[in-house]
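First the structure, in the form of structure tokens, and then the observations on it.
The values are calculated or read from the model by the stated rules, or taken from the named source; none is laboratory data. Treat the numbers as computed from the prediction; the structure is a model and nothing was measured. Please note: Cβ atoms are built from the backbone with ideal geometry, for glycine as well, and neighbour counts cover all protein chains shown.
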Amino acid sequence: MTDIKPMQLGEILDGALTIFGRNLGLFVALGIIALAGPLIFFALLSGPMARAFMPLALQMRMGGVQPSFAQWQPLLAVSLGASKMLPLVGVALCKVALFTLIWFGCVIAVVMLAGVMGLVGPRAAVLAGFGGFGGAIWVVAFVMCGYGVTAQVLTLEDGVGVFGAFARSWDLTRQRKLKVFWTALLSGIVFYVIPYVIVIVVATVLRGMSPPLGRVVGVLSQFMPIVCAPLVVSCLTLLYYDLRVRREGFDLQLLSQRLGVG
């Protein structure tokens, strides 16, 4: 078995592919279960209930509800049991609430700053608005990176509650938030954006050549989270290991066996 060591971004992406390949059947089964609820829901909306609930369905789809059900698949695979599910949901809800509050707080601060600078002149107000907006994005990204491995902490460490997972994640990512940012960004681009762009292009081309075949590809694209979500979250899980190795020098060979990396 290969020893776990500090990893570069390329090694993390490669490790995620290794994890997915060795647990393909498990991830696919969990993905089907995770997507069954949303798919059944939207299937029901295609019937008589569609007119009443279609606006809600569109909002949910635009808000990414369907992928969010699938993003926990790798964590389910290494979870210590069903008792972890409720805390994981708690972590997700706390993140949504926290980032929403931070974002709205930043927006209010930017509006106030632009209003004050408007007393100086319109150009000063515009510059303050753009600068404040950039600062707000930085603040939100900084906090998101700090709490980027809360789910991994909660799942892989014993005796850690929801709020303890937030504190632990912040400690692990201290002085490493830039690596968390690049890992999340690159994994999202490689495993989400690029595959979706390819599928959209292929579906568009096929729709022009053969409309039924194009529709089939469009339907199959709804199942892409089964493949994409485990890869992204596996990257974050390997990043969690990397942070522990760098910060604690902890021997993680047993944990690597559980993920099948070695």
* Among LEU172, LEU186, which is in contact with a Lys or Arg (Cβ under 7 Å, 6 or more places away or on another chain), among the hydrophobic types (A, V, I, L, M, F, W, C) and within 27 Å of LEU156 (Cβ to Cβ)? -> LEU172
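Please find, among LEU231, LEU213, LEU255, the residue that is among the aliphatic types (A, V, I, L, M), within 21 Å of PHE20 (Cβ to Cβ) and at pLDDT 75 or above.
Just one listed residue meets the conditions, LEU231.
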* To do: With the checklist (1) closer than 14 Å to GLY90 by Cα; (2) surrounded by fewer than 24 Cβ atoms within 10 Å (Cβ to Cβ); (3) small (Gly, Ala, Ser) in hand, flag the one item ALA151 doesn't pass.
  => (2)
* Out of the residues in region 174-210 that are assigned to a helix (DSSP H, G or I) and among the hydroxyl-bearing types (Ser, Thr, Tyr), state the one that is modelled with the lowest pLDDT. => THR204
* Structure fact -> Those residues of region 213-228 which are among the hydrophobic types (A, V, I, L, M, F, W, C) and assigned to a loop (DSSP other than H, G, I, E, B) amount to PHE223, MET224
* Asked: Name the residues in region 155-173 that are in contact with a Gly (Cβ under 8 Å, 6 or more places away or on another chain), under 13 Å from LEU236 (Cα atoms) and in a helix (DSSP H, G or I), would you?
  -> SER169
